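Below is one structure; the comments refer to it alone.
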Amino acid sequence: MRLASLTASNSDILAALGVAGRVVAVDGHSDAPGLEGAVRVGPDLNIDVGALRSARPDLVLASLSVPGMERVVDGLRAAGLPTLVLDPVSVEGTLRDIREIGAAVGLPERGEALAARLEADLRALARPFPRPPRVLVEWWPRPIIAATRDSWVTGLLGTLGAVNALAGRPGRSSPLTLEEVRAARPDLIVCSWCGARRLRPEVIEARGLGVPVVCVPESGLGRPGPRLIEGARAIAAALAGLPVA
């Protein structure tokens, strides 16, 4: 089966399933190992559908976890390309998508094993706190954009014994004023800027909130897939060092 992946999260899943070598076309952001032979068809929100079609994929994987991907999906369907669209908003949804991708590429047992391993690894990081620490995950600094209620971040933090400081705010993410960040009363801020070449915790620290900041690369937190364990481990280590711990 010839595969195409248009988001880094799905590419990570395919690599973890051991089928990166089947990928014939991939977006420009994906950095999973084994994609060297795939044609790059542009950034995830500006896919060259003609180049993608020329690669003759049997299945194209897209994900609405990337805001704006709906327009790309419409273009894929208009071009008649067979497309599997994932839309994870929770840890459970991420595990379900891993299983679905495994089944779609003819490897349901690998999909089940990968999902089960990720779930077990996340649960192994759980620890009790006298008070669940409030964590704010920042996706972008100017304007401040952070993960809100309908994000896999909420469940991920819950698994670690913490809470999303913005769990009461609807949506997947939201722009915030500095006063709104202060009102959320975070015990920890996670700097995980999407698409940033370099994370700069000093930008967050300069706001004068007096809140500890931990940096987690977007690859370990902004992609709903197997690499979430990387972000979870980094956050768990930061939580262990908080005074509330």
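Remarks
- Hits in region 108-131 - residues which are touching a Gly at 6+ places or on another chain (Cβ under 9 Å) and surrounded by fewer than 17 Cβ atoms within 10 Å (Cβ to Cβ): Pro108, Glu109, Glu112, Ala113, Ala126, Arg127, Pro128, Phe129
- The set of residues in region 43-81 being of a type in the set (A, V, I, L, M) and assigned to a loop (DSSP other than H, G, I, E, B) consists of Leu45, Ile47, Ala55, Leu64, Val66, Ala79, Leu81.
- Meets criteria (farther than 26 Å from Leu221 by Cβ and surrounded by fewer than 18 Cβ atoms within 10 Å (Cβ to Cβ)) for Glu92: no
- Hits in region 206-245 - residues which are among the β-branched types (Val, Ile, Thr) and either closer than 25 Å to Leu14 by Cα or surrounded by 17 or more Cβ atoms within 10 Å (Cβ to Cβ) (or both): Val211, Val213, Val214, Val216, Ile229, Ile235
- Cβ-Cβ contacts under 9 Å between residues 6 or more apart (or on different chains), taken from a first residue in region 122-134 that is over 12 Å from Ile235 (Cβ atoms) to a second residue that is open to solvent by 50 Å² or more (accessible area, probe 1.4 Å), are listed as Pro132/Val163; Arg134/Val163; Arg134/Arg185.
Per-residue answers, yes or no, for (1) aliphatic (A, V, I, L, M); (2) at pLDDT 95 or above:
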residue	(1), (2)
Arg134	no, yes
Pro141	no, yes
Thr177	no, yes
Cys191	no, yes
Cys194	no, no
Gly220	no, yes
Ala232	yes, yes
Ile235	yes, yes
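- Whenever a residue of region 190-216 is under 17 Å from Val153 (Cβ atoms), its partners that are charged (D, E, K, R) and surrounded by 15 or more Cβ atoms within 10 Å (Cβ to Cβ), lying with C-beta atoms within less than 6 angstrom and at least six residues away or across chains, give the pairs Cys191/Glu138; Ser192/Glu218; Cys194/Glu218; Val213/Glu205.
- Restricting attention to region 2-28, the residues being free of Cβ contacts under 8 Å to residues at least 24 places away in the same chain and surrounded by 24 or more Cβ atoms within 10 Å (Cβ to Cβ) number 3.
- Within region 187-217, the residues that satisfy the criterion of being of a type in the set (Asp, Glu) and in contact with a strand residue (DSSP E or B) (Cβ under 8 Å, 6 or more places away or on another chain) are Asp187, Glu205.
The values are calculated or read from the model by the stated rules, or taken from the named source; none is laboratory data. Only a predicted model underlies this, so the values are computations on that prediction, with no experimental measurement involved. Every residue, glycine among them, receives a Cβ derived from its backbone with ideal geometry; neighbour counts consider all protein chains shown. For accessibility, only protein heavy atoms count, side chains too; no ligands or nucleic acids. Shrake-Rupley method; radii C 1.70, N 1.55, O 1.52, S 1.80 Å.
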